[in-house]
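The structure appears right after this line, and notes come after that.
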Amino acid sequence: MTFEATGKLMTEIPDLGVVQTRRKTSLAVAAIFGFLLLVTTGSLWDHPMHRSFEAVGTYLIALCIFGRVLCSIYISGQKGAEIIAIGPYSVCRNPLYVFSFLGAVGVGILSGSIIVSIAFGLVTWIVFRGVVVQEEVFLLSKHGLLYRDYLNRVPRFVPDFSLWDSGERIVVNSNGVIRTFTDASLFLLAIPLIELLEFLKETGRLPLLVALP
């Protein structure tokens, strides 16, 4: 049996556990790459502009945390078990990934480099897109026409806020919300880490290999 999720026929239903394991592994590798990029590069912008970048990066990280918590309120640990089509999931099929993408871009912007922020965003998007394609095939195999209708109606990544539906009733999994908040808050660690790296470079304790715009 075949299902069409992205315009291409796929003949094998992926194991969702394997897909998520690969996602975590890919993100871990991307995080190592990102850390090395932050260690070896610096910003070409002057101090006031650099501080403006930091403000934008901090805002995006805060938006990422808020958005992921909001998603967890609506999803209540039911991802994959049933089709969630209310709240953030009524305007975008993958809001958790969208907010994580914003967080990754925010971390890149904290460095004061547009190039670094683009690199962070691009790598994150590539990883998430590959995961989403396989998740769509799995969900089509599980929910059939119900998910097909949702897939055709709601965009994959770019929100369509005209579709917003709050739902009549939400059952909140408090443990899931707390866990999501804790996980998302790890993005905040980038702020003191990047400040420390900048201090080490400015004082000559850490060599600056290349300055990027």
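The values are calculated or read from the model by the stated rules, or taken from the named source; none is laboratory data. This is a predicted model, so every value here is computed, not measured. Note that each Cβ is placed from the backbone with ideal geometry, even for glycine, and that neighbours are counted across all protein chains shown. In case anyone asks, the SASA skips ligands and DNA or RNA and just uses the protein heavy atoms, side chains included. Shrake-Rupley method; radii C 1.70, N 1.55, O 1.52, S 1.80 Å.
Could you work out Rg/(2.2 N^0.38 Å) for the chain, with Rg from alpha carbons only? Scaled against compact globular proteins, the figure is 1.14.
Hey, what's the Cα Rg ratio for segment 59-174 versus the globular rule of thumb, 2.2 N^0.38 Å?
That works out to 1.12 for segment 59-174.
Restricting the calculation to Cα atoms, segment 147-206 yields a radius of gyration followed by a Dmax of 20.5, 58 Å. Here's the picture: charge each Lys and Arg Cβ at +1 and each Asp and Glu Cβ at -1 in segment 35-150, and of Leu37, Tyr147, Phe53 the one pushed furthest to the positive end of that dipole is Tyr147.
Projecting the Cα positions of Leu196, Ser100, Asn175 onto the charge dipole of the chain (unit charges on Cβ atoms of Lys, Arg, Asp and Glu, taken about the Cα centre) puts Asn175 furthest along the positive direction. The packing ranking of peptides 105-111, 123-129, highest mean first, is 105-111, 123-129, where packing means the average number of other beta carbon atoms within 10 angstrom of each residue.
Ranked by accessible surface with a 1.4 Å probe, highest first, in what order do Lys201, Lys24 come?
Values: Lys201 40, Lys24 130 Å².
From most exposed to least exposed: Lys24, Lys201.
In percent, how large is the relative contact order of the chain, given Cα pairs closer than 8 Å and 6 or more residues apart? So the answer I get is 34 percent. At an R0 of 35 angstrom, the distance between the Cβ atoms of Glu195 and Leu145 translates into a FRET efficiency of 0.10. For an R0 of 45 angstrom, estimate the FRET efficiency from the Cβ-Cβ distance between Arg179 and His47 and round to the nearest 0.05. The computed FRET efficiency comes out at 0.70. Return a whole-number percent for the relative contact order of segment 91-213, with Cα pairs under 8 Å and 6 or more residues apart as the contact set. The normalised contact order for segment 91-213 reaches 37 percent.
Percent of Cα pairs in segment 106-187 per distance bin of 10 Å, from zero to the largest separation: 13, 24, 43, 18, 2.
Dipole magnitude for the chain: about 260 debye, using +1 per Lys or Arg Cβ and -1 per Asp or Glu Cβ, origin at the Cα centre. For segment 33-120, what percent of Cα pairs sit more than 22 Å apart? For segment 33-120, the share of Cα pairs beyond 22 Å comes to 38 percent.
Solvent-accessible area assigned to carbon and sulfur over the chain amounts to 67 percent, based on a 1.4 Å probe. What do you get for Rg/Rh over segment 78-118 if you use C-alpha atoms and the Kirkwood form of Rh? With Rg and the Kirkwood Rh in hand, the quotient comes to 1.20.
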